[in-house]
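First the structure, in the form of structure tokens, and then the observations on it.
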Amino acid sequence: MQHILDAIMQAEGATDPAAELRAVADLPVPASYRGVVVRSDEAEMFDGLATRDKDPRKSLHVQEVPTPEVGPGEALIAVMGSAVNYNTVWTSIFEPVSTFGFLRRYGRLNSLSRRHDLPYHVVGSDAAGVVLKVGPGVSKWKPGDEVVAHCLSVELEDAAGHDDTMLDPQQRIWGFETNYGGLAELALVKANQLMPKPAHLTWEEAACPGLVNSTAYRQLVSHHGAQMKQGDIVLIWGASGGLGSYAVQFALNGGATPVCVVSSPQKADLCRAMGAELVIDRSSYRFWKDEETQDPAEWRRFGAEIRSLTGGEDPDIVFEHPGRETFGASVFVAKRGGTIVTCASTSGFMHQYDNRYLWMNLKRIVGSHFANYREAWEANRLIARGRIHPTLSRSYPLEQTGQAAHDVHRNTHQGKVGVLCLAPEAGLGVRDPQLRARHEQAINRFRDQ
Ligand SMILES: NC(=O)c1ccc[n+]([C@@H]2O[C@H](COP(=O)([O-])OP(=O)(O)OC[C@H]3O[C@@H](n4cnc5c(N)ncnc54)[C@H](OP(=O)(O)O)[C@@H]3O)[C@@H](O)[C@H]2O)c1
């Protein structure tokens, strides 16, 4: 692996980094590599424990794994940086289901997908790095290209996916529902997951927006999501978290007014640093009286606080992902005719809400999931143009990915948590220092928070 890293490091500070990186085309691909895995024989290790007590540091291992063959339409990348997403937390605690079931099902599809059904699962759904090898039929990308990978894996053999690839019946999230993910030294992707690495960012900064930025883009901006427009009031749960920190930026960038919900003064400061003015601390709210009963008085108090901040207006859009704990409140506070757009259920997926507030006030609930290639590309383009910035707070070495996932599981992190894979240190990979200098402050807003 060292010869590959040495070749990539030649580009550092070079006058023509692309020319230096073309050398990787002639290098032998290592027969194995280090990846962060969960193991199938440990899938029951947390049985009987409460969700909170399931510890990713115990289930995520750094292990040497064989390098897969690169099939038609695929690419092998040397991963310099990656990031932790909540899906790696789910995989590591084997909730709501073990991801080995996904791999088994995928393995049954065809001879190529069979490679994914293994007793270990290399996890991770974000990556920034360098293309090492491309399979037959790939013409858009070549060895030496500096790339980021989005996490939509599709087969597209069925007509259903050809208007919107998220509707492909064989749609999967790479590194969660497939093997060979990004928290590793090498990763196997479909070539149509690749996008240009933003030149002004370091490897770990470039890797961290991928999954959440694309998801927030579809959820909030795309015509498949809430179709946010100028002037909209957008209530954003977890506004300083992974998804939320990009939703806030999209709202501000698109002329909307975010109302940020967070759980601490430090997180409120981060929202203000991004340019948001309206912030609510959710710590004082108890939307549930007990396990079974919600408290509409709390919904009303929450709605009143929103109105006090907005000058009496209700949210046109509610950006939902906490799920069970907040969904009743979200449906209640949305404006008449407004949209609740949801992509997750962190606190529980059996939602309860009072349907009278939905139908009588003509509100809509829209389900959203990751993003198609076009949406991911547009979201990445906004990063590359310096219109949306990474929200990386800290980076861990690959060996400490368990701790990184633990931080996210325990909600002690801010924004995104990065992982250095092949990159020997943080701060490498910047190819456009001028553009970086223009946005340095914004890029570093979340750093060390
Ligand atoms: N469908 C998709 O494509 C997709 C894509 C990305 C993520 N997701 C899912 O979306 C969820 C959030 O992901 P993320 O990356 O944003 O995670 P994250 O970085 O942990 O951020 C989530 C934020 O939500 C807030 N939160 C947590 N529990 C809450 C609760 N009970 N009530 C209200 N707010 C709560 C927290 O902020 P405060 O404590 O400050 O309020 C936290 O910072 C996860 O379940 C993830 O799996 C889905």
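The values are calculated or read from the model by the stated rules, or taken from the named source; none is laboratory data. On a predicted model such as this, the values are computed, not experimentally measured, just so you know. Virtual Cβ from ideal backbone geometry, glycine too; neighbours counted across all protein chains shown.
Being out of contact with any Ser or Thr (no Cβ under 8 Å at 6 or more places or on another chain), surrounded by fewer than 16 Cβ atoms within 10 Å (Cβ to Cβ) and more than 27 Å from residue 92 (Cα to Cα) is true for just one of 437, 334. Which residue is that?
Values: 334 fails: surrounded by fewer than 16 Cβ atoms within 10 Å (Cβ to Cβ).
On inspection, the qualifying residue turns out to be 437.
Residues checked against (1) aliphatic (A, V, I, L, M); (2) at pLDDT 95 or above; (3) on the phi < 0 side of the Ramachandran plot:
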| position | (1), (2), (3) |
| --- | --- |
| 238 | no, yes, no |
| 243 | yes, yes, yes |
| 276 | yes, yes, yes |
| 324 | no, yes, yes |
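Before we move on, is residue 442 free of Cβ contacts under 8 Å to residues at least 40 places away in the same chain and more than 16 Å from the ligand (Cβ to nearest atom)?
Against the criterion (free of Cβ contacts under 8 Å to residues at least 40 places away in the same chain and more than 16 Å from the ligand (Cβ to nearest atom)), residue 442 does not qualify.
Please count how many residues of the stretch 177-223 are more than 19 Å from residue 8 (Cβ to Cβ), assigned to a helix (DSSP H, G or I) and away from the ligand (no atom under 13 Å from the Cβ).
Total satisfying the criteria: 4.
Say we look at the stretch 364-393 and pick out the residues that are in a loop (DSSP other than H, G, I, E, B) and under 23 Å from residue 330 (Cβ atoms); which of these is farthest from the ligand (Cβ to nearest atom)? Steps first, please.
Narrowing the stretch 364-393 to residues in a loop (DSSP other than H, G, I, E, B): 368-372, 385-391.
In the following step, the residues that additionally are under 23 Å from residue 330 (Cβ atoms) were identified as 368-371, 391.
Working: 368: 7, 369: 4, 370: 4, 371: 8, 391: 9 Å.
Going through the qualifying residues, I end up with 391.
Please verify whether the stretch 230-248 includes one or more residues that are surrounded by fewer than 24 Cβ atoms within 10 Å (Cβ to Cβ) and within 30 Å of residue 130 (Cα to Cα).
Checked the stretch 230-248: no residue is surrounded by fewer than 24 Cβ atoms within 10 Å (Cβ to Cβ) and within 30 Å of residue 130 (Cα to Cα).
Is it fair to say residue 129 is within 16 Å of the ligand (Cβ to nearest atom), within 22 Å of the chain's Cα centre (by Cα) and closer than 24 Å to residue 206 by Cβ? Break it down stepwise before answering.
Working: within 16 Å of the ligand (Cβ to nearest atom): no; within 22 Å of the chain's Cα centre (by Cα): yes; closer than 24 Å to residue 206 by Cβ: yes.
Judged against the criteria, residue 129 is not a match.
Hey, does the stretch 59-76 have a residue that's within 16 Å of the ligand (Cβ to nearest atom), part of a strand (DSSP E or B) and of a type in the set (A, V, I, L, M)?
no
So, in the stretch 1-51, exactly how many residues are without any contact (Cβ under 8 Å) to a residue 40 or more places away in the chain, among the small types (Gly, Ala, Ser) and closer than 20 Å to residue 180 by Cα?
2
Quick grid of which residues meet (1) more than 13 Å from the ligand (Cβ to nearest atom); (2) out of contact with any helix residue (DSSP H, G or I) (no Cβ under 8 Å at 6 or more places or on another chain):
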{"site": "314", "(1), (2)": "yes, no"}
{"site": "335", "(1), (2)": "yes, yes"}
{"site": "338", "(1), (2)": "yes, yes"}
{"site": "349", "(1), (2)": "no, no"}
{"site": "352", "(1), (2)": "yes, no"}
{"site": "357", "(1), (2)": "yes, no"}
{"site": "360", "(1), (2)": "yes, yes"}
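Could you tell me which numbered condition residue 385 fails, if it satisfies all but one of (1) surrounded by fewer than 20 Cβ atoms within 10 Å (Cβ to Cβ); (2) closer than 30 Å to residue 347 by Cα?
(2)
If I filter the stretch 224-243 down to residues being among the β-branched types (Val, Ile, Thr) and within 16 Å of the ligand (Cβ to nearest atom), which single residue comes out as farthest from residue 430 (Cα to Cα)?
That would be 234.
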